[in-house]
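Everything below concerns the one structure shown next.
The values are calculated or read from the model by the stated rules, or taken from the named source; none is laboratory data. Since we're looking at a predicted model, the values are computed, not measured. Reconstructed Cβ throughout: ideal geometry from the backbone, glycine too, with neighbour counts over all protein chains shown. Only protein heavy atoms, including side chains, enter the accessible area calculation; ligands, DNA and RNA are left aside. Shrake-Rupley method; radii C 1.70, N 1.55, O 1.52, S 1.80 Å.
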Amino acid sequence: MKKETQCVHSGSYRDGVTRGINTPIFTSSAFDYLDRDDTPYPRYFNTPNQDAVVKKVCALEGAEDGVVFSSGMAAMSTAILSFAGSGDHIVLMDELYGGTHAFATGEFQRIGIGYSFASTDAESICAAATERTKVIVIESPTNPLLSVIDIRKVAAFAREREITTIIDNTFASPMNQNPIELGIDIIVHSGTKYLGGHSDMCCGLVVTSRKKTERVRTLARHLGGSLDAMTCYLLERSLKTLALRVGRQSENAMRIARFLKGHQCVSRVHYPGLPDSPGHEIAKSQMKAYGGMLSFELDKRQLDASKFVKRLRLISPAVSLGGVESTICAPAVTSHAKMSAAERERIGVTDALLRLSVGIEDASDLIQDLEQALEGSSN
Ligand SMILES: *Cc1c(COP(=O)(O)O)cnc(C)c1O
């Protein structure tokens, strides 16, 4: 089956009683245990609504099994801690999502896990691995600069050394990138973003092999970050339109990236779909389309970034991403606010940088909105 079909059909629970075509919402937290081995229980991650979403995402990612969590961070932290403990070492990319970065710097030392950060290229990641390295965590494209890493290279290096690889595939979504096909062991998604897609839920997923899922599910049962039936149902419903949404978002983002690139008041555009972007060739080799996220810098001599954001009428200033509506934020005062100005400047997150999450609206309406805001925001 093609992905468009899997989005609609994979994992759905066929209800033999009413023969309705949607998965019913099974709200029970108590189930009859007689004459069965695997009694469902929400925190055991084995209820029918949890199974339905896991099966759908596994189909889309080409994974054998997985676990659905109550947030992206529950998924990421459980995945990491499933494969590394006291005395082990982890290599992470320094451009990782802020929450994953903070998890490493805030908790690893106390747990006894050593760690190194490496820049966004396969060579640096491989060079940072030691004899004790058990896990490598990468992300591509990254937030907010949309940097791209050669996933195959990292995966091949790690496989030779029996290092477990984890990728945060949130930005690409399963429509645009399938890292298991590229050799990665474990895929993490913040379902809060594209999978949910309507800016109204919080959830996360880990999908991987059957064997690794056993380990993740065991730790997940101890840590307990499970997702309720209602939200699972909403997530399953959202996933049915994932192909349509991400397809449109990727097309819109490409058009907007080209528009911004050609505007005299925009000094830089970060989008891996642009042929002259530094990550374009690698992105082309591992992504189907380039996704709905982009970032850009206004020419500070000409325009004021906060004035520009306030002038937008259609595109809303909002944190988070991946919804059907277009949203914009300034990473320097949102996701990267805790970082010093010097550190931000070093990694390229300037005060003039804006991150745009492109929605499913008509692209020319979005471009018109950007155009009128650019025109009226001169210094
Ligand atoms: C939002 C996000 C997360 C964390 O997900 P939550 O659902 O907020 O816990 C992880 N990675 C990326 C890339 C994200 O954008």
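None of Val216, Val207 is in contact with a helix residue (DSSP H, G or I) (Cβ under 9 Å, 6 or more places away or on another chain), outside any helix (DSSP H, G or I) and away from the ligand (no atom under 14 Å from the Cβ) except Val207.
You will find that of Pro24, Pro40, the residue that is open to solvent by less than 30 Å² (accessible area, probe 1.4 Å), assigned to a loop (DSSP other than H, G, I, E, B), farther than 13 Å from His9 by Cα and at pLDDT 95 or above is Pro40 and no other. Taken together, Ile80, Ile125, Ile90 contain a single residue that is more than 16 Å from the ligand (Cβ to nearest atom), buried (at least 24 other Cβ atoms within 10 Å of the Cβ) and closer than 18 Å to Val216 by Cβ, which is Ile90.
Checked against (1) more than 24 Å from Cys329 (Cα to Cα); (2) within 16 Å of the ligand (Cβ to nearest atom); (3) of a type in the set (A, V, I, L, M), Ala118 passes all but a single condition, namely (2). Taken together, the criteria exclude Thr142 from residues that are in a helix (DSSP H, G or I), among the β-branched types (Val, Ile, Thr) and on the phi < 0 side of the Ramachandran plot.
Just to be sure I understand, how many residues within region 194-204 are farther than 20 Å from Asn176 by Cβ and in contact with a helix residue (DSSP H, G or I) (Cβ under 7 Å, 6 or more places away or on another chain)?
Residues in region 194-204 being farther than 20 Å from Asn176 by Cβ and in contact with a helix residue (DSSP H, G or I) (Cβ under 7 Å, 6 or more places away or on another chain): 1 in total.
Condition (residue is charged (D, E, K, R) and within 15 Å of the ligand (Cβ to nearest atom)) applied to region 156-176: is it met by at least one residue? Within region 156-176 (the criterion being charged (D, E, K, R) and within 15 Å of the ligand (Cβ to nearest atom)), the answer is yes, since at least one residue qualifies.
The residues in region 128-152 that are open to solvent by 20 Å² or more (accessible area, probe 1.4 Å) and of a type outside the set (A, V, I, L, M, F, W, C) can be counted, and the count is 7. In the set Ala305, Ala289, only one residue is under 18 Å from Ser173 (Cβ atoms) and either of a type outside the set (S, T, N, Q) or within 16 Å of the ligand (Cβ to nearest atom) (or both); that residue is Ala289. Filtering region 182-191 to residues that are near the ligand (Cβ under 9 Å from one of its atoms) and surrounded by fewer than 24 Cβ atoms within 10 Å (Cβ to Cβ) leaves nothing.
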